[in-house]
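Novice: Below are the structure tokens for one structure; questions will follow.
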Amino acid sequence: MTSHSLPTRTLGRTGITAPALGIGCWAIGGPDHNLGLPMGWSTGADESAAIAGLETSWELGARLYDTADVYGHGLSERRLGRLVAQVPRDQIVLSSKVGYFTGTAEHGFDPRHMRRQLAQTLDNLGTDHLDIYGLHHHDFGPDDQWLQPAIDVMHAFKNEGIIRAISLRGPHRFAPDRLSTPPALRGNKTARFRALFDLVQPDILAVRDNLLTPAASSEGIFSFADQRNCGVLINKPLGQGLLTRSHSPDQAPAFGDGDHRTRKRWFTAPALAVLDDALAEIQQTIAPEHEDLIALALWSCLNRTTNAIAIAGFTHPGQVRANITATSRVPTDEQLSQARTILAEAQARLNGDGQVFLDE
């Protein structure tokens, strides 16, 4: 692997620029529940670690930070607001999202609720505008009754100068659907996304992608974005730690209450054993150091398109430092291809063993 500094990226036609590795702030919202499901991180409760991680990321050159109103029900935004208060506002790129928290509103995309949530987000962050504001999911109520109102208010926010760019999730399954709707009845999430894209006309796509994502899914969404000059925020590039060999199958992690990972089969010992075999092979043949594994995972995403910024989360400053410094180790195309082949085989084995979510 060669070494060079992290490049600056421009998010498509928005003109928004930032270093290619952004900071995800979901985990620092701590443990939480929403819509009857665990949706937080039991390992992200420590406030001092969260603040130290944010400050470390800034010192090491990160400038884009991604959060949402539902992450800790405002806690993530308030913690990020501590950093915002310390740095020049015109040098930090702030992204948040709306829709997963409903409160007492009829729906999370009721435009009056969205306006109240945006005002609260701005208060939490200590700013008068967001650079990026996103529709956090694709459920707009029966017969999409809240779709057009949500589109109208998002574009109103942009016209009013409260937000600079609108983001839309790439193909996405609304979390409660996994409990209420059998897999055969859920519909085609890619077709759904494309229909929504034409209506919303977003500036930026928020896309899940990593070395465990099927190749056809990745290549399709990035070429789609490039053709439309959309910026892309890539989330889960490290597979929430699964791709860095952070969890041992000999001692599967025991997550606390309010942690979304308690629902995910890939964090159980049998699945971790499959991943560990694949990652061991990669370390033996391609990436011997832990930092090399991180670099492979991050650059597998960053090489998708020059319109993309990868978003890596954290719970303590050591992770931030490891992630940012690892990006200086740039793998070759051949190394990335080898890693993709090995992990595609692992992903096929994992999918063949059953659903990703334990409660499906």
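Novice: Looking at the stretch 99-135, which of its residues are open to solvent by 10 Å² or more (accessible area, probe 1.4 Å) and in contact with a Lys or Arg (Cβ under 8 Å, 6 or more places away or on another chain)?
Specialist: ALA105, ASN124, THR127, HIS129
Novice: Another one. When you scan the stretch 1-98 for strands (runs of 3 or more DSSP E) that lie fully inside it, which ones turn up with 2 or more residues that are open to solvent by less than 40 Å² (accessible area, probe 1.4 Å) and among the aliphatic types (A, V, I, L, M)?
Specialist: 21-24, 93-98
Novice: Would you mind finding the one in PRO182, PRO171 that is farther than 27 Å from GLY15 by Cβ, open to solvent by 30 Å² or more (accessible area, probe 1.4 Å) and at pLDDT below 95?
Specialist: Answer to the check: PRO182.
Novice: Determine the pairs where a residue that is in contact (Cβ under 8 Å) with a residue 24 or more places away in the chain, located within the stretch 131-149, has a partner that is aromatic (Phe, Trp, Tyr) and open to solvent by 10 Å² or more (accessible area, probe 1.4 Å) with Cβ atoms under 8 Å apart, the partner being 6 or more residues away or on another chain.
Specialist: From residues that are in contact (Cβ under 8 Å) with a residue 24 or more places away in the chain, the pairs are HIS136/TYR100; HIS137/TYR100; HIS137/PHE174; HIS138/PHE174; ASP139/PHE174; PHE140/TRP146.
Novice: Checking ILE151 against (1) of a type in the set (Val, Ile, Thr); (2) over 19 Å from ALA105 (Cα atoms); (3) surrounded by 20 or more Cβ atoms within 10 Å (Cβ to Cβ), only one condition comes out false. Which one?
Specialist: Unmet for ILE151, out of (1) of a type in the set (Val, Ile, Thr); (2) over 19 Å from ALA105 (Cα atoms); (3) surrounded by 20 or more Cβ atoms within 10 Å (Cβ to Cβ): (2).
Novice: Being out of contact with any helix residue (DSSP H, G or I) (no Cβ under 6 Å at 6 or more places or on another chain) and over 11 Å from GLN347 (Cα atoms) is the filter; apply it to the stretch 202-214 and report the residue that is most open to solvent (accessible area, probe 1.4 Å).
Specialist: ARG208
Novice: Also, I was wondering about something else. Name the residues in the stretch 47-64 that are touching a helix residue (DSSP H, G or I) at 6+ places or on another chain (Cβ under 9 Å) and charged (D, E, K, R), would you?
Specialist: GLU47, GLU55, ARG63 - these are the residues of the stretch 47-64 that are touching a helix residue (DSSP H, G or I) at 6+ places or on another chain (Cβ under 9 Å) and charged (D, E, K, R).
Novice: OK, next. Mind checking whether some residue in the stretch 229-240 is basic (Lys, Arg), modelled with pLDDT of 95 or more and under 24 Å from GLY22 (Cβ atoms)?
Specialist: yes
The values are calculated or read from the model by the stated rules, or taken from the named source; none is laboratory data. Bear in mind the structure is a predicted one, so any value in this text is a computation, not a measurement. Counting neighbours? That spans all protein chains shown, and the Cβs are built from the backbone with ideal geometry, glycine included. To get the accessible areas, we keep the full protein, side chains included, count just its heavy atoms, and leave off ligands, DNA and RNA. Shrake-Rupley method; radii C 1.70, N 1.55, O 1.52, S 1.80 Å.
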